[in-house]
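The values are calculated or read from the model by the stated rules, or taken from the named source; none is laboratory data. Since the structure is predicted, the reported quantities are computational estimates derived from the model, not experimental observations. Every residue, glycine among them, receives a Cβ derived from its backbone with ideal geometry; neighbour counts consider all protein chains shown. Heads up: the accessible areas ignore ligands, DNA and RNA and are worked out on the full protein's heavy atoms, side chains in. Shrake-Rupley method; radii C 1.70, N 1.55, O 1.52, S 1.80 Å.
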Amino acid sequence: MPDDSTSAFYDNNADLYANRARSLPKQKLDAFLARLAPGAAILELGCGGGQDSAYMLAQGFAVTPTDGSAELARQAEARIGRPVKVMLFQELDADSAFHGVWAHASLLHVPRSELPDVFTRIHRALKPGGLLHASFKAGEAEGYDGFGRYYNYPSAEWLSALLTEGGWRNLVLEESDGGGYDGKPTRWIVVSAQR
C-alpha cells in the first residue's frame with residue numbers, strides 16, 4: 001500500500017470490504033485462465049477478500065494469493081482455507097516462478113513513481129511468455145477517492161508507454177465503463193501483457 005490512509009482503509013474496513021456483494025470478473029478471469037495450461041502457477045497480487053483466488057483454485061490452478069493488508073489477508077484465508085501471504089507489491093521478489101499474474105484492481109494503488117519498479121518485479125516473477133492481467137481506474141493525474149484511498153489514475157497512453165518501455169510483449173489495453181466500491185461511475189483500463 002502506498003500510504004497510511006489507503007492501508008488504514010483496508011485494515012479498518014476489511015470485514016465489510018471482503019464480504020460485500022461483489023460480482024466476480026468471471027469473463028476476464030475465464031479469458032485469462034483460458035490462455036494458461038491446466039494447473040498453471042498463478043500469483044494474485046492484492047487478493048482482497050479472496051473471491052478471485054477461490055474461483056481460480058476451483059478451476060484447478062495453483063494460486064499464490066497475496067495482499068498488502070494483514071486484515072484483508074485474514075478475511076481471504078477464511079474464504080479459501082489456505083494461507084495468504086501479506087506482502088506489498090514493492091516486496092515481490094520472485095524469478096520465473098509463475099505462469100500468470102492476476103492483479104485485478106490492485107496495482108491502481110501503487111504510486112506512479114514506483115510503478116515502473118513494480119512492473120519490473122512482476123516481469124521477473126513471470127516465466128518467459130507468462131501472462132499479466134491488471135486493471136486500473138483511468139485518469140490523468142494521481143489522487144484520492146472519497147474514502148482517502150490513493151489511486152495512480154493513469155491514461156491508457158501513459159500505461160502503454162510504461163509497459164512497452166518495460167519490455168512487455170503482446171500488450172492489449174481495453175477501456176470500459178463500470179463502477180467501484182465507492183459507487184461512482186468509473187472508467188476502467190484492463191491490461192493484458194506477456195513477459
Given the criteria within 21 Å of LEU29 (Cα to Cα) and touching a Phe, Trp or Tyr at 6+ places or on another chain (Cβ under 6 Å), does HIS133 qualify? yes
Of the listed residues (HIS104, HIS99), the one being crowded, with 18+ Cβ neighbours inside 10 Å, on the phi < 0 side of the Ramachandran plot and in contact with a Pro (Cβ under 9 Å, 6 or more places away or on another chain) is HIS104
Could you grab the pairs with beta carbons closer than 8 Å, sequence gap of 6+ or different chains, first residue in the stretch 63-76 and within 17 Å of LEU43 (Cβ to Cβ), second one among the hydroxyl-bearing types (Ser, Thr, Tyr) and at pLDDT 95 or above? VAL63/SER53; PRO65/SER53; ALA73/THR66; ALA76/SER53
In the stretch 60-73, residues that are over 28 Å from ALA141 (Cα atoms) and crowded, with 16+ Cβ neighbours inside 10 Å total 6
Test: ASP117 is exposed (fewer than 15 other Cβ atoms within 10 Å of the Cβ), under 16 Å from the mean Cα position of the chain (by Cα) and either farther than 26 Å from ARG35 by Cα or among the acidic types (Asp, Glu) (or both): yes
How many residues, within the stretch 60-77, are touching a Gly at 6+ places or on another chain (Cβ under 8 Å) and assigned to a helix (DSSP H, G or I)? 4
Scanning the stretch 8-27 for residues that are closer than 22 Å to VAL101 by Cα and open to solvent by less than 80 Å² (accessible area, probe 1.4 Å) gives TYR10, ALA18, ARG22, LEU24, PRO25
Looking for whichever is touching a Pro at 6+ places or on another chain (Cβ under 7 Å), of a type outside the set (Lys, Arg) and modelled with pLDDT under 95 here; the options are GLY148, GLY179. Which one fits? GLY179
Name the residues in the stretch 15-41 that are more than 18 Å from GLY60 (Cα to Cα) and outside any loop (DSSP other than H, G, I, E, B), would you? ASP15, LEU16, TYR17, ALA18
Scanning for something of a type in the set (Ser, Thr, Tyr), touching a strand residue (DSSP E or B) at 6+ places or on another chain (Cβ under 8 Å) and surrounded by fewer than 17 Cβ atoms within 10 Å (Cβ to Cβ), does the stretch 179-187 turn up at least one residue? no
Within the stretch 6-30, can you find the residues that are under 24 Å from ALA193 (Cα atoms) and in contact (Cβ under 8 Å) with a residue 24 or more places away in the chain? LEU24, PRO25, LYS26, LYS28, LEU29
It is to be established whether one or more residues within the stretch 84-92 are open to solvent by less than 40 Å² (accessible area, probe 1.4 Å) and in contact with a Cys (Cβ under 9 Å, 6 or more places away or on another chain). yes
With the first residue restricted to the stretch 43-56 and required to be in contact (Cβ under 8 Å) with a residue 12 or more places away in the chain, and the second required to be of a type in the set (Ser, Thr, Tyr) and part of a loop (DSSP other than H, G, I, E, B), Cβ contacts under 6 Å at 6 or more apart or on different chains are LEU45/SER106; GLY46/SER106
